[in-house]
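A.B. asks: Following this message is one structure expressed as C-alpha cells.
The values are calculated or read from the model by the stated rules, or taken from the named source; none is laboratory data. Since we're looking at a predicted model, the values are computed, not measured. All Cβ positions, glycine included, derive from the backbone under ideal geometry; neighbour counts span all protein chains shown. Note: areas computed on protein heavy atoms with side chains; ligands, DNA, RNA excluded. Shrake-Rupley method; radii C 1.70, N 1.55, O 1.52, S 1.80 Å.
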Amino acid sequence: MNTQCNTLGKGMIAGFVATIALSLLMIAKSVMGLMPDLNVIAMLTSMAHTYMGLPQTMLIGWMLHFAIGTIAWGILFVLLAPHLPGTNPIVKGLIFGTIAWFTMMIIVMPMAGAGVFGWKFGMMAPVATWMLHLVYGAVLGYVYGKLTVRSCSLTAESA
C-alpha cells in the first residue's frame, strides 16, 4: 500500500462498510438463534449505561458499535497497515481483525462481565467472535485497498 495515498477518511469509509458486513452477520446469527446470550450490542448498551450513565437503549449500543468499527478501528487500521506484514490489503485486514478481536477478548469482554475471552458464554464465544472479526478485517482491508488504489491511480493520472 502506498502510504502517500492513505488517508484516515478512506479508513473510516472502509471501517463503515466492514461494520455493515459484520452487523449483517450478527443479525443473521441472532435470527438463526445461534449463541443468543452473546449479544455484543446488548453488551455495549449495558456498558454505556454502567460506565457512562447513558440510557439503556439498544440504539446506544448500535451507535457505539458503528463508532468503534468506523472511527476507532478504521483510523487505527490506516495507522497500523503500513506496519502489518504482507502487501495484500486483505491479509493486512485479516491480521488487523485478529488484533481487534484479541483486544475485545481481553478488554471489552471482561468489562462487560463475560470474563476474559468471553468464557461466560462458553467455548464457542471466542471462536464465533474471531470469525466475525476476520470477516470485518477482510472487508476492511479489501475496501481500503480498493479506495487507496483508485484514488492513487486518479492522482497519478492527473499529475
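A.B. asks: Please report, in debye to the nearest 20, how large the charge dipole of the chain is about its Cα centre when each Lys and Arg carries +1 at its beta carbon and each Asp and Glu carries -1 there.
C.D. replies: My answer is approximately 120 debye.
A.B. asks: So, R0 is 25 Å and r is the distance between the beta-carbons of LEU59 and LEU24; what FRET efficiency does that work out to, to 0.05?
C.D. replies: About 0.90, to the nearest 0.05.
A.B. asks: Along the charge dipole of the chain, which of THR70, PHE96, LEU34 sits closest to the positive end, that is, farthest toward it, with unit charges on the beta carbon of Lys, Arg, Asp and Glu (+1, +1, -1, -1)?
C.D. replies: Projecting each Cα onto the dipole axis, the largest value belongs to PHE96.
A.B. asks: Taking the solvent-accessible surface of protein heavy atoms with a 1.4 Å probe, what is the per residue accessible area of the chain in Å²?
C.D. replies: 53
A.B. asks: If you take the square roots of the eigenvalues of the alpha-carbon gyration tensor of the stretch 77-134 and sort them as a ≥ b ≥ c, do you get rounded (a/c under 1.5), prolate (a/b over b/c) or oblate?
C.D. replies: prolate
A.B. asks: Another question about this same structure. Please give the calculated 222 nm ellipticity per residue for the chain, where each DSSP H segment of at least 4 residues contributes -39500 (n - 2.57) and the sum is spread over every residue; nearest 500 deg cm²/dmol?
C.D. replies: -22500 deg cm²/dmol
A.B. asks: Could you work out the relative contact order of the chain? I mean the mean sequence separation of Cα pairs under 8 Å and 6+ apart, divided by the number of residues, in percent.
C.D. replies: 34
A.B. asks: Over all directions, the average projected area of the alpha-carbon convex hull for the chain comes to how many nm²?
C.D. replies: Seen from a random direction, the Cα hull of the chain projects 9.7 nm² on average.
A.B. asks: Let me make sure I get this right: for the stretch 24-87, a, b and c are the square roots of the gyration tensor eigenvalues over alpha carbons, sorted descending. Under 1.5 in a/c it's rounded, otherwise prolate if a/b > b/c, else oblate. Which is it?
C.D. replies: oblate
A.B. asks: Quick one: pull the percent of accessible area on the stretch 81-151 belonging to carbon and sulfur, 1.4 Å probe, ligands and nucleic acids left out.
C.D. replies: Carbon plus sulfur share of accessible area: 77 percent.
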